[in-house]
Amino acid sequence: MTTETASPPALSPNAGRLAGATALITGASRGIGRAIAEAFAREGADLFLSATARANLADIEAHVAAAGRRVAGAAADVADEASVEALFAATVEAFGGIDIVVNNAGIYTGKPFTEYTADEFDRVMRVNAYGTFHVMQLALRHMQGRGRGKIVNIASTAGKWESPNQAAYNASKHAVVALTRCAALENAAAGIRVNAICPGFVETDMIGEFEGHAARAGMEFDAFKAAMAARIPTGRLLQPEEIAHIAVYLASPESDGMTGQTISISGGMRMG
């Protein structure tokens, strides 16, 4: 008896708001990045996907291909400028041009301010802030020559306010918010729109990084997650798909009048 591998279910088409567009999405193998890739495919975009390991992209690539979209991928370390340059070159070679870039790749390290090492702080900044910077520079140069383009940066509510035990993460996401606004201002007349999404607590693998916070609080992790949800007026953690809906809007012509915006989605934790 042989066992056959089931084909991935086809993604249901939506309104085709991204039909004919090509998009580069970093950190696309799981969580928010994967949800954005699925949503973009449903809306008609062709996708170039990246993750730290090439093998991690196999499943999402199969889903996108099943939707009838062109898809390619590559491993990339966004903290490394040469790796980003190779990723961007591969994307242009695959599709001829890039209409949309989503900067989603990111990492989290949480601990008390006085316990961070310089190397730990630097690694978070290099991935979250410098990674976004490297990708944005190449994207902007490419889009300036085309006279159009959309850049969507995944920041965080941590980029708008203070949080205990995550100074490196907050500093990196504050940097992403600032990069978004500065690039938007400089490139608005060139037809390029640059915006950011600032999610609150989202049900992804990154939530597991909060186990250290739970231990410091003397709580079981499930109880800690329940306490997190209790802080949210809507009473629950967000789902990655909810972030993807906003990304589709920001990548589509519907948002052509918006640039330099940082859209919070936090279940009402902070309003503004």
For this session: Could you size up the charge dipole of region 27-112 around its Cα centre, putting +1 on the beta carbon of Lys and Arg and -1 on that of Asp and Glu, and report it in debye to the nearest 20?
Result: 340 debye
Exercise. How about region 87-192: which GluC sites (Glu not before Pro) there lie in a loop by DSSP and see at most 15 other Cβ atoms within 10 Å?
Worked result: E162
For this session: With volume of the Cα convex hull per residue in Å³ defined as stated, name the option among [x] 120; [y] 219; [z] 151 computed from the structure displayed.
Result: [z]
Exercise. Around G131, with a cut-off of 14 angstrom between Cβ atoms, what is the net charge of the other residues, counting Lys and Arg +1 and Asp and Glu -1?
Worked result: -2
Exercise. What number comes out for the charge environment of H63, summing +1 per Lys or Arg and -1 per Asp or Glu over other residues with Cβ under 12 Å away?
Worked result: 0
Seminar exercise, completed: With +1 at each Lys and Arg Cβ and -1 at each Asp and Glu Cβ, the charge dipole magnitude of the chain around its Cα centre, to the nearest 20 debye, comes out at 700 debye
Exercise. To the nearest 500 deg cm²/dmol, what mean residue ellipticity at 222 nm is calculated for the chain from DSSP H runs of n ≥ 4 alone, each contributing -39,500 (n - 2.57), summed and divided by the residues?
Worked result: -12500 deg cm²/dmol
Problem set entry | Proximal lysines relative to K111, as straight alpha-carbon distance under 18 Å, when same-chain residues fewer than 8 apart are discounted | K173, K225
Exercise. Relative to the Cα centre, what is the charge dipole magnitude of region 216-257, using +1 at the beta carbon of each Lys and Arg, -1 at the beta carbon of each Asp and Glu, and rounding to the nearest 20 debye?
Worked result: 340 debye
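Quick note: the coordinates plus some simple rules give every number you see, no bench work behind them. None of these values were measured; they are calculated from a predicted model. In this analysis, Cβ positions are derived from the backbone assuming ideal geometry, glycine residues included, and neighbour counts consider all displayed protein chains.
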